[in-house]
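Comments concern the structure below.
The values are calculated or read from the model by the stated rules, or taken from the named source; none is laboratory data. Computed from a prediction, not measured in an experiment: that's the story for all the values here. We place every Cβ from the backbone using ideal geometry, glycine too, and count neighbours over all the protein chains shown. Ligands, DNA and RNA are stripped out before the accessible areas are found, and what is left, the full protein with its side chains, is counted by its heavy atoms. Shrake-Rupley method; radii C 1.70, N 1.55, O 1.52, S 1.80 Å.
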Amino acid sequence: MVTLKLPAEIERLRENNRIVAYILEKLKEKVKPGVTTLQLNRQAEDLVRKKGVKAAFKGYQGYPYALCTSVNEEVVHGMPSGRELQEGDIISIDFGVFHQGYYGDAAITVPVGRISPEAQLLIKVTEASLYDAINQARAGNRLGDISAAVQRRVEAAGFSVVRDYVGHGIGKQLHEEPQIPNYGTAGKGIELKAGMVLAIEPMVNAGACEVAVRENGWTVVTRDHKYSAHYEHSVAITEDGPCILSQLRGKPFDQ
Ligand code: MF3
Ligand code: CO
């Protein structure tokens, strides 16, 4: 069942997601060659404590960290470690909070120093595919409109969409219905309604779409070892169109 959120619930989700956006912004500033992903995780833990919220992923199905840090060929669910970031790497940082009964969830991909033109394009296209998708998050549209928008942007650039992991509804649970694939057919799927809150999260591979999970049981990697990027926003569907919750104050959605 897809739950519709009341205005007061959307305000809670907005508050949480704003904290997520703030912390992601702080972490982005820390990304540079020589920094370890565990240092980023420690920074996230400090900021979580300062903000008086809880890290949503820590303890989720036994996941031990506040952050998912997925470097280069890692797609999602990369585990923070002593690995030092190097010039030319890209790192996807996925982060969520829980506060006052509600979740927040977003992700960004950040370059480490100077990166290749292809990696730059991968990041740009992945972010653009998220904004294309958000622009379809309108009452009266179908879920497939969101999915198809991601797929169209990604495949037009010659990249591929990961099919084994999907976006999701978000609210009192981190993962609610509906599942939101990053590929699909416009005009198909459930009808979108005002009050739905969706975590839309394109995972985009520079090469082929196939992925595998490492022995640690978490880290998803590309089978061809090419780079992968990931962006995510939590978005409320309102009568006035899509509203990105996981952003800092004062940035209206404007496609
Ligand atoms: N944004 C990811 C998701 O929605 C993060 C979950 S990671 C986990 O699935 F560690 F919590 F599983
Ligand atoms: Co998510």
Answer yes if at least one residue in the range 181-201 is over 20 Å from ALA137 (Cα atoms) and either aromatic (Phe, Trp, Tyr) or in contact with a His (Cβ under 6 Å, 6 or more places away or on another chain) (or both), and no otherwise.
no
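Quick grid of which residues meet (1) more than 25 Å from LYS226 (Cβ to Cβ); (2) among the hydrophobic types (A, V, I, L, M, F, W, C); (3) open to solvent by 60 Å² or more (accessible area, probe 1.4 Å); (4) in contact with a Pro (Cβ under 9 Å, 6 or more places away or on another chain):
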position	(1), (2), (3), (4)
GLU29	yes, no, yes, no
LYS32	no, no, yes, no
LEU40	no, yes, no, yes
GLN43	yes, no, no, no
ALA55	yes, yes, no, no
ALA66	yes, yes, no, yes
GLY78	no, no, no, no
Filtered residues of the range 81-104 (kept if within 21 Å of ASN205 (Cα to Cα) and either buried (at least 19 other Cβ atoms within 10 Å of the Cβ) or within 11 Å of ligand 1 (Cβ to nearest atom) (or both)):
LEU85, ASP89, ILE90, ILE91, SER92, ILE93, ASP94, PHE95
Examine the range 217-234 for a residue that is out of contact with any Phe, Trp or Tyr (no Cβ under 7 Å at 6 or more places or on another chain), away from ligand 2 (no atom under 16 Å from the Cβ), open to solvent by 10 Å² or more (accessible area, probe 1.4 Å) and without any contact (Cβ under 8 Å) to a residue 12 or more places away in the chain, and state whether such a residue exists.
yes
Sole exception among (1) touching a Ser or Thr at 6+ places or on another chain (Cβ under 7 Å); (2) within 18 Å of GLY241 (Cβ to Cβ); (3) not hydroxyl-bearing (Ser, Thr, Tyr) for ARG138, by number
(1)
Could you say whether any residue in the range 180-191 is open to solvent by 50 Å² or more (accessible area, probe 1.4 Å), more than 16 Å from ligand 2 (Cβ to nearest atom) and among the hydroxyl-bearing types (Ser, Thr, Tyr)?
yes
Does ASN17 satisfy being of a type in the set (S, T, N, Q) and within 13 Å of ligand 2 (Cβ to nearest atom)?
yes
Which numbered condition in (1) in contact with a His (Cβ under 8 Å, 6 or more places away or on another chain); (2) open to solvent by 10 Å² or more (accessible area, probe 1.4 Å); (3) over 24 Å from VAL97 (Cβ atoms) is the only one that GLY158 fails?
(1)
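So, TYR103, is that one free of Cβ contacts under 8 Å to residues at least 40 places away in the same chain, within 16 Å of ligand 2 (Cβ to nearest atom) and under 25 Å from GLU15 (Cβ atoms) or not?
Considered against the rule, which asks whether it is free of Cβ contacts under 8 Å to residues at least 40 places away in the same chain, within 16 Å of ligand 2 (Cβ to nearest atom) and under 25 Å from GLU15 (Cβ atoms), TYR103 comes out as no.
Given the criterion of a type in the set (D, E, K, R), within 16 Å of ligand 2 (Cβ to nearest atom) and farther than 28 Å from SER81 by Cβ, identify the matching residue among GLU177, GLU201.
GLU177
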